[in-house]
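Each reported figure results from applying straightforward, stated rules to the coordinates on display, with no laboratory input. Please read all numbers here as calculations on a predicted model, not as lab measurements. Using ideal geometry, Cβ is built from the backbone for each residue, glycine included, and neighbour counts are taken over all protein chains shown.
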């Protein structure tokens with residue numbers, strides 16, 4: 001996963017301890033002094049196998065990364081979760097007056 005730009009925006013550096021968590025089908029990466037994983041020297045994060053399987057992300061799948069600067073989080077959006085989110089959003093458009101047919 002190419003994450004150098006997002007990591008740089010967050011101000012994280014090589015060697016910082018990080019934690020991966022799954023929340024609502026998304027992967028959330030945070031810094032945590034007690035975590036065993038570290039930001040690699042090349043600043044390219046690789047999702048651990050356990051985390052990938054919990055989110056149904058296969059090796060090589062494309063994801064979207066979002067650096068939430070105000071919360072110092074990196075969020076990984078798997079394709080399937082994005083699809084679900086877009087469908088839910090489109091459902092709200094249909095419910096609004098003058099919405100799409």
If we keep only residues of segment 47-67 that are free of Cβ contacts under 8 Å to residues at least 60 places away in the same chain and under 15 Å from residue 18 (Cα atoms), then the residue surrounded by the fewest Cβ atoms within 10 Å (Cβ to Cβ) is 48
Scan of segment 31-44 for residues that are surrounded by fewer than 16 Cβ atoms within 10 Å (Cβ to Cβ) and touching a strand residue (DSSP E or B) at 6+ places or on another chain (Cβ under 8 Å), ordered by number:
32, 33, 34, 35, 36, 37, 38
Kindly establish whether residue 91 is part of a loop (DSSP other than H, G, I, E, B) and exposed (fewer than 14 other Cβ atoms within 10 Å of the Cβ).
no
